[in-house]
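Here's the structure, in structure tokens; my notes come after.
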Amino acid sequence: ARKARALVQAKERASRIGVGVSEHAQSIFEALSKTLPCRWDQNSIVVLDEIAIDSPYTTDTCRELTSAASTLLRVKKVLQGELGRLGHATPVG
């Protein structure tokens, strides 16, 4: 049971690492995932399974995957805050 649990945890940690993404992108992913559920879909960060954030990972590159305008606004606000903390502030668009 312990080995199986460790294997599941290792797979979960590996899924949180973007393949072929910049250190900047990974930093944004890690910061966002502290507040909102996130996953990688190739080079896009998917938040709440409703919003995708594409490279260069700014508020201007957020897009809805579903009809989720209020979620989009929330994700943009959280992203703006995290970008500011990381020293990459951009205006909310």
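Which pairs turn up if I take residues in region 17-29 that are closer than 12 Å to residue 55 by Cα and look for partners that are at pLDDT 90 or above and open to solvent by 40 Å² or more (accessible area, probe 1.4 Å) with beta carbon separation below 6 Å, at least 6 apart in sequence or on another chain?
Matching pairs, first to second residue: 21/43.
Taking residue 32 as the residue in question, decide whether it is in contact with a strand residue (DSSP E or B) (Cβ under 9 Å, 6 or more places away or on another chain), within 20 Å of residue 70 (Cβ to Cβ) and in contact (Cβ under 8 Å) with a residue 40 or more places away in the chain. Lay out the reasoning, then the answer.
Values: in contact with a strand residue (DSSP E or B) (Cβ under 9 Å, 6 or more places away or on another chain): yes; within 20 Å of residue 70 (Cβ to Cβ): yes; in contact (Cβ under 8 Å) with a residue 40 or more places away in the chain: yes.
When the stated conditions are applied, residue 32 passes them.
The values are calculated or read from the model by the stated rules, or taken from the named source; none is laboratory data. Computed from a predicted model, the values in this text were never measured in an experiment. For neighbour counting, all protein chains shown are included, and Cβ atoms are generated from backbone atoms with ideal geometry for every residue, glycine included. Side chains included, ligands, DNA and RNA excluded: accessible areas come from the protein's heavy atoms. Shrake-Rupley method; radii C 1.70, N 1.55, O 1.52, S 1.80 Å.
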